[in-house]
Amino acid sequence: MKARVTVTLKTGVLDPQGKAIEGALHSLGVEGIASVRQGKVFDIEIDAADPEAAKAALAAASEKLLANTVVENYRLELL
């Protein structure tokens, strides 16, 4: 089973890397960029008996390693 875990900063958490990307885009002449927030994407293949077991295993992995849940949110998708 294939899955994707998307990790993003929580609203209100400062994103200096996103600000740097935003500034670089403006420097390159890219118009219309209001703001940038960066994140991480993990594409994972998981052996699981059913979708609920896969989601439970992915949630555990996200909370233990993939995301810092103090400052980040994560979203799980089964592909």
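The values are calculated or read from the model by the stated rules, or taken from the named source; none is laboratory data. Note that the coordinates shown come from a computational prediction; the quantities given were computed from them, not determined experimentally. When we count neighbours, we look across all protein chains shown, and the Cβ atoms used for this are built from the backbone with ideal geometry, even at glycine. Side chains are part of the model used for accessible areas, which takes the heavy atoms of the whole protein and leaves out ligands, DNA and RNA. Shrake-Rupley method; radii C 1.70, N 1.55, O 1.52, S 1.80 Å.
Values computed for the structure shown
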{"read-out": "Check on GLY23, more than 28 Å from LYS2 (Cβ to Cβ), in a loop (DSSP other than H, G, I, E, B) and either open to solvent by less than 80 Å² (accessible area, probe 1.4 Å) or touching a strand residue (DSSP E or B) at 6+ places or on another chain (Cβ under 8 Å) (or both)", "value": "no"}
{"read-out": "Cross-chain or 6+ apart pairs with Cβ under 6 Å, region 9-20 first and free of Cβ contacts under 8 Å to residues at least 24 places away in the same chain, then in a loop (DSSP other than H, G, I, E, B) and open to solvent by 100 Å² or more (accessible area, probe 1.4 Å)", "value": "ASP15/ARG37; GLY18/ARG37"}
